[in-house]
Amino acid sequence: GARQQTNLCNESLMLEKLPACGKSFEDMMKKVDSKKWCNLTEFIMYYDNFTQCTEREANNASCFWPNPLAEGFITGIHKQFFSNCTSEKVHWEDPPDEILITLILIPVMLTCAMITLVVWCSKRSDIL
């Protein structure tokens, strides 16, 4: 029968080509004000081109994508451009007492009403 030849990942070729993707992304990001680097809508097309480039270069080197080496490269780009884009931690707090009491009492009252309705209907089984 025919043998299927499997291409091995040429990691050195991939690592040689990925910096061109990073350089292209860096050139495009120079067009964006650095204060807007945390706003994805400002550079989403550039980032999309960057990820497509890394995927293409990985595939050209017969490597799957993403792979640990490509991910490491992408992480480096993230550290370079987005290290100051930490998400603020949300501080959760309880709602005001009036709202909290209402949110608790509504399901309790509905449960009591349903129990009352079931008991009343079960005692009146002669009509149903």
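The values are calculated or read from the model by the stated rules, or taken from the named source; none is laboratory data. If you're wondering where the values come from, they're calculated on a predicted model, not measured in any experiment. Neighbour counts are summed over all protein chains in view; Cβ atoms, including those assigned to glycine, are modelled from backbone coordinates with ideal geometry. The protein model used for the area step is the full one, side chains on, heavy atoms only, and it has no ligands, DNA or RNA in it. Shrake-Rupley method; radii C 1.70, N 1.55, O 1.52, S 1.80 Å.
For the stretch 56-65, filtered to residues that are open to solvent by 60 Å² or more (accessible area, probe 1.4 Å) and touching a residue at least 12 places away in the same chain (Cβ under 8 Å), the residue that is farthest from Ser83 (Cα to Cα) is Asn60. If you check Ile115, Ile77 for being outside the structural domain of Ala20 (by the TED database) and either of a type outside the set (D, E, K, R) or at pLDDT 95 or above (or both), only one passes: Ile115. Set side by side, the residues Lys79, Lys35 differ, and just one is open to solvent by 60 Å² or more (accessible area, probe 1.4 Å) and over 18 Å from the mean Cα position of the chain (by Cα), which is Lys35.
In the stretch 25-41, the condition of being at pLDDT 95 or above and of a type in the set (S, T, N, Q) is met by no residue. Remark: pairs (first residue in the stretch 35-53, outside the structural domain of Phe64 (by the TED database); second residue surrounded by fewer than 16 Cβ atoms within 10 Å (Cβ to Cβ) and not basic (Lys, Arg); Cβ separation under 7 Å; 6+ apart in sequence or on different chains) are absent. When Gln4 is tested against (1) at pLDDT 90 or above; (2) farther than 14 Å from Ile77 by Cα; (3) open to solvent by 80 Å² or more (accessible area, probe 1.4 Å), only condition (1) is not met.
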